Amino acid sequence: MSASDEGNAAAAGYAPHPYVGGRTAALRVLAAWRMRWPGAPRVVVLTGNPGSGRSRLVTGFLMMCDPGYRKQLPLDDLDPATVPPDLPPPAVPSPSGRTAAQVLWLIADHFGLSAVRSDDICPELAAREEPVTIVVPDVDRAGPVRAANEPARLVREVLKPLAATETVQLLADVPRALAAELAEALPPGQVQIIDLDAPEWADPKGLVLHAATALDPDAGAPELPFTTDPAVRRALAEALAQRADGSRLTVQLAVQSLLMQPEGFDPADGSLLPGSVGEALDLHAHRLGADPQTLRLLLAPLAFAEGEGLPVQLWGALANAVAGRDMSQDLADGMLLAAPFIQPVEQAEDADDEAAEDGAGADGGRRLLRLQHPGIAEEIRSGLPDVRNAQTKIAMALLEAVPQQNWSKADPYIRDHLAAHTLDAGLLPQLLTDPGLFAHADPVTMRAAIEAVPLEQLGAPARTYLRTAPLLTRSQAPAGLRAAFLESAFVEDGLAPYAEALHTLGFALPWRTLWSVPLAGVRAVTTGSLPQEGADGATAETAPGTDGDGAGEGPVPASGTAAPRPVAAFVVPEGTPGSRTVPGPDGDSSEAGGSALLLHDLLRPGFVDADPTQVRLPSEEARAAAPFGFSRGADYLRVWARAGQEVVAALLSDTPLTGADLSPDGVLVVATERGVTARQILAAAPAVTPTVPAQRTGAAGSDASDGLEGDHS
């Protein structure tokens, strides 16, 4: 099939697709792919230049795949070969702003897979009896951080494995640089590349129709001399399409420019029609009597904007930074100049936002601005003499906009996207020393930015953040709980000053991490106490009148003795350095089953060299009278206040818990496959808990639940 099919369809009297306005040849291939027509490819790779209309084509095709939209379309008037059969709609995981891992788990969730690891998803799809249909649009918009090159990761880690899975029918809209890489791994006949800019897929008549419709007052255009006269309108549409050389984006920008500011435009003057996105920018500026470079400098901050867009109140400061001069008057006078290229966005206020709502709209949302299309941003960035220098200026301006360098008062955009700007500027490693930023920043964007930096360039705090990030994204924890997880992680990695800094930043942390030891093989932990020698050399011993069996009441200090020393006891493999084997009732150490006990001070770092048989456990009465209790699952734990049964601390682990105990005075000792950590519970009020599955309530010894499955971050 080729572009000649466009003429055949028109000759047959078929109406164009009301949204796509053409692309008959491509739509025929997609319809055959959807119905699994004999000889049709199993994988279709759609590509083209920015602004070629890939997204519009995919959207128009998906309209015909959706039962609701099908009822609104004149399907009987369309070329039957372009209309897919009435089947259940395909899965359409949107990559926009998402990581490759997130897209993969969207697919798993859509099909209700039981996979707990990302590596299990494609094999589970391959084991299905019926084929599955997946459409992945806008791959070029993947990732929470533009400079992290998430589209390439999405192709290599998600789309290529999906394409290689025989039970998967895949349609993917990818940048041209990645199209061949996706297709080359498949045998001939299974994949077809549709390059919308190639001659065989060009659609010049569709582009004329696109321009004519945009100029038509019946479609919303204002009544102007070149829009109300059908002949003039048609001639202008043909001239625009011919000059734009197949670029839908160039035509769109040219029409928007003309309709917003028609003065000074002569439809008979071909020199006023743009042949590219860059010319659309420059011609618009010239018609308004402005310097094209001024327009580009005004739009530059939006060309570098991350996420959904740039907050309005930051635009001026960043424009000044990029230009190296005061742009406030240019900005005040240039709204009409910039208008054809800008799109406003209303963003709902995040519940975790601590910043003042200076940029909030009347409805409580945030006013953001972004460029109409990524192709405009690409054009503006490519026209700057030094992109890295521009990003450096933007990053410095964002840092200066943080009130008193207090991240809790910073605009959410700065907190969440400063790392992305510094990554593009080559400065991210220098930024990654601030524990306050680690806690306040969106962990998805921060993690994506850090992962884009070679590991050898990262300092110790950044490495700690990187290993903790899966917990932060997995738990969807707010800033305060992220700070708590990071506080423990810093202690575990020997970065106590960073942990202590988090206690000075205004967070109501649920705990203070007392110590942590890297120790593999710990099977269980318990808390207790050891008698200590007093000034007269006596040792705490069992007082007269008790049963002396060491259970229940614990030691009673004899006259002149010091208070018992709180300790934690670890059950470890026999032979662990510093451990002692506990003999059985008959003095035979073999009855311990290859285990030994290792003692550690409960309240401070340091192992204790003492006889484990001297450890006294808290009595049941002492535990019952303690202010806190806890319950645990396979990889998470909750501490709750006995008065009211409200959760005051919630702990997640990236490795399974192998033991846990809570002393009567609120010291939580937790063992994982990595080691043992002690936390003093500080919370006096209910804590905000992360997203964890429902669990049984009960004592610490109750059966563990299955815990969280997989890392969907």
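Restricting to DSSP H runs of at least four residues, report the calculated mean residue ellipticity at 222 nm for the chain, -39500 (n - 2.57) per run over all residues, nearest 500 deg cm²/dmol.
Result for the chain, helices only: -10500 deg cm²/dmol.
Work through the residues other than Val44 whose Cβ is under 10 Å from its Cβ and net out their charges, Lys, Arg +1 and Asp, Glu -1.
Working: positive: Arg34, Arg42; negative: Asp173.
Neighbour charge sum, excluding Val44 itself: +1.
Give me the accessible area of Ser271, 1.4 Å probe, in Å² rounded to the nearest 10.
For Ser271, solvent-accessible area is about 80 Å².
Using the Karplus curve 6.51 cos²θ - 1.76 cosθ + 1.60 with θ = phi - 60°, work out ³J(HN,Hα) for each residue of the stretch 218-233 in order, rounded to whole Hz, and write x for Gly and Pro.
Computed from phi, the couplings for the stretch 218-233 are 5, 9, x, 6, x, 7, 9, x, 8, 10, 7, 7, x, 5, 5, 4 Hz.
Can you give me the relative contact order of the stretch 121-205 as a percent, contacts being Cα pairs under 8 Å and 6 or more apart?
Dividing the mean separation by the residue count of the stretch 121-205 yields 32 percent.
Given R₀ = 25 Å, what would the calculated FRET efficiency be for Ala622 paired with Thr504, taking r from the Cβ atoms and rounding to 0.05?
My answer for the efficiency is 0.15.
If you take the charge dipole of the chain about its Cα centre, with +1 on Lys and Arg Cβ and -1 on Asp and Glu Cβ, which of Ala479, Leu598, Ala650 is farthest toward its positive end?
Ala479
With Cβ to Cβ distances under 12 Å as the rule, what net charge do the other residues near Thr422 carry (K, R +1; D, E -1)?
-1
If I take every Cα pair under 8 Å that is 6 or more residues apart in the stretch 62-187, average their sequence separation and divide by the length, what percent do I get for the relative contact order? Present the calculation step by step, with values, prior to reporting the outcome.
On the way: 165 pairs, mean separation 31.5, N = 126.
Across the stretch 62-187, relative contact order equals 25 percent.
Could you tell me which label, among (1) 237; (2) 200; (3) 211, carries the value of volume of the Cα convex hull per residue in Å³ calculated for this structure?
(2)
In Å², and per residue, what accessible area does the chain have when probed at 1.4 Å with the other protein chains present?
43 Å²
Once phi is turned into θ = phi - 60°, what whole-Hz ³J(HN,Hα) does the Karplus curve with 6.51, -1.76 and 1.60 give for every residue of the stretch 672-679, x standing for Gly and Pro?
Once rounded to whole Hz, the list reads 10, 5, 8, x, 10, 9, 10, 10.
Which cross-chain or sequence-distant (5 or more) residues have an amide H under 5 Å from the amide H of Asp197, H modelled 1.01 Å from N in plane?
So Asp197 has HN proximity to Asn49.
Starting from the Cα of Lys393, draw a straight line to each of the lysines and keep only those under 22 Å, dropping any in the same chain fewer than 8 residues away.
Lys409
Given a 1.4 Å probe and every protein chain left where it sits, what share in percent of the accessible area of the chain is carbon and sulfur?
Using a 1.4 Å probe with all protein chains present, the chain comes out at 52 percent carbon and sulfur.
Would you grab the residues whose amide H sits under 5 Å from the one on Val136? Only those 5+ places off in sequence or on another chain, please, with H modelled 1.01 Å from N.
Leu171, Ala172, Asp173
Could you pull out every residue, at least 5 positions away or on a different chain, whose amide H is within less than 5 Å of the one on Ser595? Hs are placed 1.01 Å off N in the peptide plane, and Pro or chain starts have none.
Glu574
What list of ³J(HN,Hα) values in whole Hz, one per residue of the stretch 438-448 in order, does the Karplus curve 6.51 cos²θ - 1.76 cosθ + 1.60 (θ = phi - 60°) give from phi, with Gly and Pro shown as x?
Listing the rounded values in order: 3, 6, 7, 6, 4, x, 5, 6, 5, 4, 4 Hz.
At 1.4 Å probe size, put Lys71, Lys205 in order of accessible surface, largest to smallest.
Lys71, Lys205
Which Cα, out of Pro412, Ala179, Gly206, lies furthest along the positive dipole direction of the chain (beta carbon charges, K/R +1, D/E -1)?
Checked the options; the winner is Gly206.
Give the cross-link partners of Lys71 among the lysines, using a straight C-alpha distance below 29 Å as the criterion and excluding same-chain residues fewer than 8 apart.
Result set, ordered by chain and number: Lys205.
What relative contact order, as a whole-number percentage, does the chain give when Cα pairs under 8 Å and 6 or more residues apart are counted?
Taking the mean separation of contacting Cα pairs over the length of the chain, I get 9 percent.
Given 5 Å bins starting at zero, what is the percent of C-alpha pairs of the stretch 480-525 in each, up to the one with the largest pair distance?
Taking every Cα pair in the stretch 480-525, the percentages come to 5, 23, 31, 17, 12, 9, 3, 0.
So what's the net charge close to Arg580: Lys and Arg +1, Asp and Glu -1, counting the other residues with Cβ under 12 Å from its Cβ? Don't skip to the end; give the middle numbers.
Values: positive: none; negative: Glu574, Asp609, Asp611.
Neighbourhood net charge equals -3.
The values are calculated or read from the model by the stated rules, or taken from the named source; none is laboratory data. These numbers were taken from a predicted model, which means no experiment stands behind them. With ideal geometry, Cβ positions are generated from the backbone for all residues, glycine too; neighbour counts draw on all protein chains shown. For accessibility, only protein heavy atoms count, side chains too; no ligands or nucleic acids. Shrake-Rupley method; radii C 1.70, N 1.55, O 1.52, S 1.80 Å.
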